[in-house]
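K.L.:
Pasting a structure below so you can have a look.
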């Protein structure tokens, strides 16, 4: 299929100034989808972005195994010498310049997607604000952000004909039960195992060698030197074992249990081990217990933040680790993404129990032996010791599980996303246009309505 014949699929993004693009869960997912689209050669991804998001997104997407202008195209107002001052105006810009057969909205709270002309399919990762809420007044007051999130999501779901989730448990327990959305219109699309090894040209067959470990360490030191992290500029990553934690520091991510386990292994066992994480360590904040724990226990050089890693450096971060741990009590997808990423570059991983993990365990029962109770620090410590004592054997076993799960490819996943966004859209488009016409009439009649 030639370039002109490719079916265009839009990506709608409502990022605010200062929002991070690189190394976020949804933008990493988008990268895997774009690479799957590139493999298929049937669709083309077209991203509509605010001007302030464009530079970081452009730099990040360059690292993909996909060609800009063929597999994906970026659009922002500055390309057309236009200026927009709101997301509604950005949607009008997209209607003029980004011609697609259907849109994928990266989040369900992106309500301005309703102004898009082509049909919109909403990606719904989870309903964390409702399932694991913050009970502060700032969250649940009349203008609280949890209240606003619920209202925005509810508003958008009334105007779209399709929703994509990453798992059956979110489709059933969040979208259907919490928002009363028709289960028949929800498509759970299970992700495929990512493969980070192509980002590291010195890695062969997903395995770590003394030479590849040294080169990954050099990558990490080089990044530290360029990005102003003096502590890591000459850090001996290849000789200093560490636990890799790749996630944000939110309550559901449960980072505190790993910090507790690592501190006890270091102090009780006198072990040489650190905890390095991609999450920002925000001292003085109370969003999670981790900052206070590190500060109170004086663990500043045992538990250290390495945020904002580019994709290749992030892969090196996994590769050089003694092991990875993902302690999250809940994930919107089926399975534990960091396990798949770590296994792809030859690093073993331990995972906390939760609905996401139980769902993937049905496909790969052998994973159960590497799963721990997210409230049991002693159990996690035992598993850490087991991995350290038997690392080569565990790497081989997890590599076998990884290869089993790789029977599903990102090309398969990307095609499912693209079809969900574009198929049967004539009827959907008529419904969406009628809804927008009705909303326009209401806004004209009452300017307060947005």
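K.L.:
On a 0 to 90° scale, report how tilted helix 25-40 is relative to the longest principal axis of the chain, with both axes built from alpha carbons and the result rounded to the nearest 10.
P.N.:
70
K.L.:
Let me ask another. If eta is 1.306 mPa s and T is 10 °C, what Stokes-Einstein diffusion coefficient results for segment 1-157, Kirkwood Rh from Cα pairs, in µm²/s?
P.N.:
96
K.L.:
Quick one: check the C-alpha center-to-center distance for segment 33-65 versus segment 289-352, whole angstrom.
P.N.:
Here the two parts' Cα centres lie 25 Å apart.
K.L.:
Just want the ordering: 84, 153, from fewest to most Cβ atoms lying within 10 Å of their own Cβ.
P.N.:
So the ranking, lowest neighbour count to highest, is 84, 153.
K.L.:
Given a Förster radius of 51 Å and the C-beta distance between residue 286 and residue 423 as r, what FRET efficiency does 1/(1 + (r/R0)^6) yield to the nearest 0.05?
P.N.:
Efficiency for this residue pair is about 0.65.
K.L.:
What whole-number distance in Å separates the alpha-carbon centres of segment 72-146 and segment 163-233?
P.N.:
23
K.L.:
Cut-off is 10 Å between beta-carbons; in what order do 68, 14 appear when sorted fewest neighbours first?
P.N.:
So the residues, fewest neighbours to most, are 68, 14.
K.L.:
Measure nothing fancy, just the Cα-based angle from helix 87-97's long axis to the longest principal axis of the chain, in degrees from 0 to 90, nearest 10.
P.N.:
Here the helix axis deviates by roughly 70 degrees.
K.L.:
Subtract the Cα-Cα distance of residue 88 and residue 272 from 0.36 nm times their separation in residues, and report this length gain in nm to one decimal.
P.N.:
Result for the pair: 60.9 nm of gain on full extension.
K.L.:
What is the extension gain from residue 58 to residue 168, computed as 0.36 nm multiplied by their sequence separation minus the C-alpha to C-alpha distance, in nm to one decimal?
P.N.:
36.3 nm
K.L.:
Spin-label point model (7 Å from Cα, Cβ direction): what's the residue 389 to residue 363 distance in nm?
P.N.:
3.2
K.L.:
Round to the nearest 10 and give me the degree value, 0 to 90, for the angle of helix 210-226's Cα axis relative to the longest principal axis of the chain.
P.N.:
Once rounded, one gets 60 degrees.
Throughout, read-outs are computed from the coordinates displayed, never taken from laboratory work. From a predicted model like this one, the values you see are computed outputs, not experimental measurements. Note: ideal-geometry Cβ built from the backbone for every residue, glycine included; neighbour counts use all protein chains shown.
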